[in-house]
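In what follows, a single structure is set out as structure tokens and then discussed.
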Amino acid sequence: MAATVLAQHRSDAEESGIVPRMRNEAATAKLTVQRVRDHLHVILGAGGNITVLTGPDGKLLVEAGLATARPALTASLDSLGTDPIKHLINTHWHFDHSDGNAWLHDAGATIYAQEKTRRYLSAFSQVVDWDYTFKPFLPGALPTVVFDQNLTLYLNGQTIALNRYEPAHTSSDLSVHFVEADVFCVADTWWNGFYPFIDYSTGGSINGTIRATEANLANPKVSDATVIVPGHGAVGNKGQLAEYHGMLVAIRDKVAALKKQGRSLQETVAAKPTAAHDAKWGNYLVLPDLFTHLVYKGV
């Protein structure tokens, strides 16, 4: 069944193309600009959520979004004032978070990332469960300030703490905490309202994703008042993140129990271990059968 599910997914990728489909949708998407706190806004609809800090040190973006969203993203950034684009953080290497690196670099951004993000962007990087291989970025689109575990920036009146997760969604995920504003960007360790994609090809796993969510919830700097920005979905809070964690654990445990009983992937998918959660979480890119497949791989 593993081959069957992957073949189904490959067929879908060939017909609608998860990667080209997302790029095509971003080209015509109407973006939403949401003020969060202080000089912080979140732009939704250009791929992964993009957090923007404005001020005299220039605009800082967390995520580059999809390159096809450039015209709409440029207009959205212009609506936030005349500060030039000076800084860009890639929380990980995936295309919906880094595809716009080249034009943002050309606009003036220094790009910051965990060192493995640069490594993945510098090479042919395959995502098996998308049946897609990404080409290396040209030098101008690559992060130039890289680090291993953490980096702290001081810009526009904010302390900005970048911290690496243990392997979770990928092996190079970062959180970005705007300390004074109490805004915490957790990237694709949280998909608010959706089943997450987990990239086993570059070090992700279901257990790593759960551990990252637990780390977010246990972070002493994250309170009920903290604004939490997910990689996808609406801006949220700690209570919603806790609900997401509960969903991940419940489905992981159900799939693990079925696999322990000797159920094949086909039999596990047929048992619909996600059924109790599908109405809320199963309506975006990662549909229930694919999420079951991703969980099964890691238990």
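Observations, loosely collected:
- Subset of the range 191-244 (residues that are part of a loop (DSSP other than H, G, I, E, B) and acidic (Asp, Glu)): Asp199, Asp224
- From the list Asp83, Asp78, the one residue that fits, being surrounded by fewer than 21 Cβ atoms within 10 Å (Cβ to Cβ) and touching a strand residue (DSSP E or B) at 6+ places or on another chain (Cβ under 7 Å), is Asp83.
- Only one of Ala187, Ala181, Ala225, Ala168 that is in contact (Cβ under 8 Å) with a residue 12 or more places away in the chain, surrounded by fewer than 17 Cβ atoms within 10 Å (Cβ to Cβ) and within 30 Å of Tyr154 (Cβ to Cβ): Ala225
- Of all residues in the range 278-290, those that are closer than 17 Å to Ile206 by Cβ and either in contact with a Ser or Thr (Cβ under 6 Å, 6 or more places away or on another chain) or among the basic types (Lys, Arg) (or both) total 1.
- Residue selected from the range 1-42 under the condition under 30 Å from Lys59 (Cα atoms) and acidic (Asp, Glu), by the criterion modelled with the highest pLDDT: Glu25
- Filtered residue count, the range 259-299, keeping only those that are of a type in the set (Ser, Thr, Tyr), buried (at least 17 other Cβ atoms within 10 Å of the Cβ) and part of a loop (DSSP other than H, G, I, E, B): 1
- The residue that is surrounded by the fewest Cβ atoms within 10 Å (Cβ to Cβ), counting only those in the range 123-160 that are in contact (Cβ under 8 Å) with a residue 24 or more places away in the chain, among the β-branched types (Val, Ile, Thr) and assigned to a strand (DSSP E or B), is Val145.
- Residue match in the range 50-73 (condition: assigned to a helix (DSSP H, G or I), free of Cβ contacts under 8 Å to residues at least 12 places away in the same chain and either farther than 21 Å from Ile198 by Cβ or among the hydroxyl-bearing types (Ser, Thr, Tyr) (or both)): yes
- Out of Asn156, Asn163, Asn237, Asn219, sole residue that is more than 16 Å from the chain's Cα centre (by Cα) and either over 23 Å from Leu44 (Cβ atoms) or among the aromatic types (Phe, Trp, Tyr) (or both): Asn219
- Among the residues here, Leu104 does not qualify as modelled with pLDDT of 95 or more, in a strand (DSSP E or B) and over 16 Å from Leu44 (Cβ atoms).
- Taken over the range 226-281, the criterion of being among the hydroxyl-bearing types (Ser, Thr, Tyr) and over 23 Å from Val62 (Cα atoms) is satisfied by Ser264, Thr268, Thr274.
The values are calculated or read from the model by the stated rules, or taken from the named source; none is laboratory data. Please read all numbers here as calculations on a predicted model, not as lab measurements. We place every Cβ from the backbone using ideal geometry, glycine too, and count neighbours over all the protein chains shown.
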